[in-house]
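The values are calculated or read from the model by the stated rules, or taken from the named source; none is laboratory data. Computed from a predicted structure; not experimentally measured. When we count neighbours, we look across all protein chains shown, and the Cβ atoms used for this are built from the backbone with ideal geometry, even at glycine. With ligands, DNA and RNA removed, areas are computed over all heavy atoms of the protein, side chains included. Shrake-Rupley method; radii C 1.70, N 1.55, O 1.52, S 1.80 Å.
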Amino acid sequence: MTKNPSDDKTPQEWRELLNSYTYPEEVRATDGRRARRRAKKRHREDSRRRTTEWVREQRSRDPLRPGGAFIIVVLVLALGLGARYLWPGLLGEDKTDDGKGSKTAATASPTPGAPAAGGPSTPSSPSASSSSPAPAVDRSAPDAVAREAIRLYLTRTPPQDQTHGDAVLRAAPYMSPALVENLAAHRDKAWDRLVSRGGVSTVKTVTVSPAGKDLPADSPLRVWRKVVAEVHVEGYTNYKETTTLQAEVVHADDGWQVSRLMGL
């Protein structure tokens with residue numbers, strides 16, 4: 001997906017693409033050919049702008065890189081060893097000499113307001129006992145993230161989505177900002193075919209399995225997964241198609257996310 005498909009389009013292909021583009025009713029109902037053309041152009045620019053704004057917002061929270069995560073892990077381990085053997089007082093293990101050559105552990109004073117040992121416990125405050133709401137997107141497992149990203153991306157309703165970019169934004173919570181930007185900037189043949197046939201696609205099953213040996217092996221911060229989706233299309237003609245993709249899933253500071261797709 002590094003090559004821009006628009007570089008080798010003929011004028012006829014451009015006209016076919018524009019004819020297959022789906023616009024809202026108020027745009028199609030605009031009086032006058034020139035005014036309708038300007039309304040269509042504004043609609044396309046607005047769709048691209050919404051996608052760009054979303055990507056810019058996500059990139060401002062750029063996930064932690066694998067190299068940076070490794071350095072942070074090494075620093076944490078080094079600080080832990082230093083605190084253990086060089087500054088034991090930091091961990092509450094300060095030793096004092098009892099005058100007989102033996103070491104006795106210093107007893108930490110109780111925190112003001114805390115119950116004494118063996119005493120009755122005080123009830124916790126409502127704010128401490130209340131649980132935080134569950135996150136809307138679960139990105140704790142790489143296989144589940146890959147499955148949801150592909151399911152949402154390939155489930156499409158052109159009359160509602162309007163553009164391919166809307167399908168990208170629907171799957172964006174499970175993708176990296178760079179991948180969202182890449183997908184939104186390129187054409188998708190399956191989307192164009194779906195629009196030309198007046199179809200609506202539904203993903204019936206998604207199977208996730210380890211990728212082949214020709215791809216890098218799994219690591220704590222990156223895995224490759226083979227994702228096979230069975231897609232059913234209903235439109236002028238009903239048909240089924242199987243889409244097989246290779247997905248790179250990386251671990252960011254807020255969970256796993258799909259960072260690359262091969263096979264589109």
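Name the residue, out of THR104, THR205, that is open to solvent by 40 Å² or more (accessible area, probe 1.4 Å), modelled with pLDDT of 75 or more and assigned to a strand (DSSP E or B).
It is THR205.
Take region 220-239 and flag every residue that is assigned to a strand (DSSP E or B), open to solvent by less than 50 Å² (accessible area, probe 1.4 Å) and touching a residue at least 60 places away in the same chain (Cβ under 8 Å). Walk me through it before giving the result.
Start the filter on region 220-239 by keeping residues that are assigned to a strand (DSSP E or B), which leaves 222-234, 239.
Those left that are additionally open to solvent by less than 50 Å² (accessible area, probe 1.4 Å): 223-225, 227-229, 231-233, 239.
Listed by number, the residues that qualify are VAL223, ARG225, VAL227, ALA229, VAL231.
Please go through region 141-173 and pick out each residue that is in contact (Cβ under 8 Å) with a residue 24 or more places away in the chain, open to solvent by 20 Å² or more (accessible area, probe 1.4 Å) and within 11 Å of the chain's Cα centre (by Cα).
Those that are in contact (Cβ under 8 Å) with a residue 24 or more places away in the chain, open to solvent by 20 Å² or more (accessible area, probe 1.4 Å) and within 11 Å of the chain's Cα centre (by Cα): PRO142, GLU148, LEU169, PRO173.
Within region 174-190, restricting attention to residues that are open to solvent by less than 20 Å² (accessible area, probe 1.4 Å) and not in a strand (DSSP E or B), which residue is nearest to TYR239 (Cα to Cα)?
If we filter region 174-190 for residues that are open to solvent by less than 20 Å² (accessible area, probe 1.4 Å), which is where we start, we get 175-177, 179-180, 183, 188.
Now drop any that are not not in a strand (DSSP E or B), which leaves 176-177, 179-180, 183, 188.
Numbers: SER176: 31, PRO177: 32, LEU179: 29, VAL180: 28, LEU183: 25, ASP188: 18 Å.
Here the answer is ASP188.
Taking the conditions exactly as written (of a type outside the set (Lys, Arg) and under 19 Å from the mean Cα position of the chain (by Cα)), does TRP191 satisfy them or not? First the steps, then the outcome.
On the way: of a type outside the set (Lys, Arg): yes; under 19 Å from the mean Cα position of the chain (by Cα): no.
No, not satisfied.
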